[in-house]
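To keep things clear, I will list the structure first and then write my remarks on it.
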Amino acid sequence: MKPNTNNRIGRFLMTAVFSLFVIFSQAQNAAKMNNQNNFDQIKQIKAGVLDIGYAETGASNAQPVILLHGWPYDIYSFKEVSALLAAKGYHVYVPYLRGYGTTRFLDAATPRNGQQAALAVDVIAFMDALKIDKAIIGGFDWGARTADIVAALWPERTKALVSVSGYLIGSQQANKAPLPPKAELAWWYQYYFATERGQKGYEANRRDFAKLIWQTASPDWKFTDAVFAQSAAAFDNPDHVAITIHNYRWRLGLAEGEAKYEDLEKKLATFPVITVPTITLEGDANGAPHPDPANYAAKFKGKYAHHTITGGIGHNLPQEAPKAFADAIIEADGFTK
């Protein structure tokens with residue numbers, strides 16, 4: 001019996017159509033990912049008092065992760081971390097903090113305020129603008145302090161936390177207490193910034209200043225000139241110096257904060273515990289001032305773990321050890337399940 005030619009053609013056409021559908025779907029998904037995977041194409045969104053620049057990586061329907069950089073660093077500390085997390089199915093947002101990159105104040109009259117509560121409110125405004133109800137939040141340096149504050153004051157918005165150098169919430173009152181001479185020496189730039197000479201010096205030499213901090217905070221990190229230049233462009237922000245100087249002067253009680261943040265600062269001055277699932281990290285070669293992990297472990301009351309990352313890892317842990325930081329995000333997420 002001869003095969004039915006019409007049936008054979010029909011099956012061929014059905015197979016061809018199905019194959020084209022699969023190829024089209026894969027192309028659509030790839031395009032969707034590629035639209036959000038170019039870390040160098042910065043997006044902007046109006047949030048609170050700012051127009052915030054941010055990088056976005058990963059599928060739009062995935063678990064949100066917000067990563068916060070420190071001083072004097074920028075979003076490129078998280079470029080490799082973001083790619084690793086996107087590959088694991090996360091949707092990663094990395095905003096420029098106020099005073100960095102393409103982030104700008106919406107009103108020229110807004111105080112260039114670097115106090116800790118202001119930066120945390122910026123993150124909540126960023127989440128509101130993007131309609132992110134709850135996110136995993138991670139950071140280092142200023143970004144770790146900000147992430148700690150968001151987790152402490154807005155636990156309902158924080159699914160899990162990853163904080164380099166642990167619990168960094170402070171207060172002006174606590175900062176009045178003198179430290180041992182060796183510890184005070186490590187904060188030399190804080191006292192430099194307290195002077196008019198320091199402000200002018202940072203304005204004139206911000207890139208050289210930042211490179212010196214990178215070298216002393218991460219003595220074993222052999223970053224290239226190109227890597228530094230990529231991040232240093234963020235310090236050309238017109239508000240960078242003002243935000244930096246105010247941040248450090250506010251810590252020492254040499255500059256006033258804004259009245260609208262007073263209630264938040266009063267809460268932070270009680271050093272609230274953090275109840276969300278948390279991973280804290282430390283590099284074994286961190287040359288910047290940082291607390292001993294044993295001194296802050298009790299501040300984390302949810303499921304908690306600490307990891308010291310070995311191999312000469314310094315202060316900029318996400319960029320120096322991106323896999324370790326990405327793994328910590330995934331581990332903290334696992335704590336919630």
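The values are calculated or read from the model by the stated rules, or taken from the named source; none is laboratory data. These numbers come from a predicted model, not from an experiment. Neighbour counts run over all protein chains shown; Cβ positions are idealised from the backbone, glycine included.
Observations on the structure shown:
- Condition check for I136: more than 20 Å from R98 (Cα to Cα), of a type in the set (V, I, T) and under 17 Å from the mean Cα position of the chain (by Cα): yes
- Test for T270: is it touching a Gly at 6+ places or on another chain (Cβ under 8 Å) and assigned by TED's automatic domain parsing to the domain that holds W188: no
- Among the candidates A232, A183, the residue that is under 27 Å from Q319 (Cα atoms) and loosely packed, with under 12 Cβ neighbours inside 10 Å is uniquely A183.
- Test set (1) closer than 28 Å to K337 by Cβ; (2) in contact with a strand residue (DSSP E or B) (Cβ under 9 Å, 6 or more places away or on another chain) - A298 fails condition number: (2)
- Matching residues in the stretch 139-155 - criterion: being under 20 Å from G334 (Cβ atoms) and either over 12 Å from the mean Cα position of the chain (by Cα) or at pLDDT below 95 (or both): A151, P155
- Residue-level analysis places D133 among those that are over 26 Å from A255 (Cα atoms) and surrounded by fewer than 18 Cβ atoms within 10 Å (Cβ to Cβ).
- Put simply, of A151, A144 the only residue that is over 22 Å from N237 (Cα atoms) and crowded, with 24+ Cβ neighbours inside 10 Å is A151.
- Matching residues, the stretch 291-320, being more than 27 Å from A83 (Cβ to Cβ), part of a loop (DSSP other than H, G, I, E, B) and under 20 Å from the mean Cα position of the chain (by Cα): P291
- Test for D284: is it surrounded by fewer than 18 Cβ atoms within 10 Å (Cβ to Cβ), over 24 Å from I136 (Cα atoms) and free of Cβ contacts under 8 Å to residues at least 12 places away in the same chain: no
- Selection from the stretch 57-112 of residues that are among the small types (G, A, S) and in a strand (DSSP E or B): none
- Under the condition of being within 14 Å of the chain's Cα centre (by Cα) and without any contact (Cβ under 8 Å) to a residue 60 or more places away in the chain, the residues counted in the stretch 98-120 number 1.
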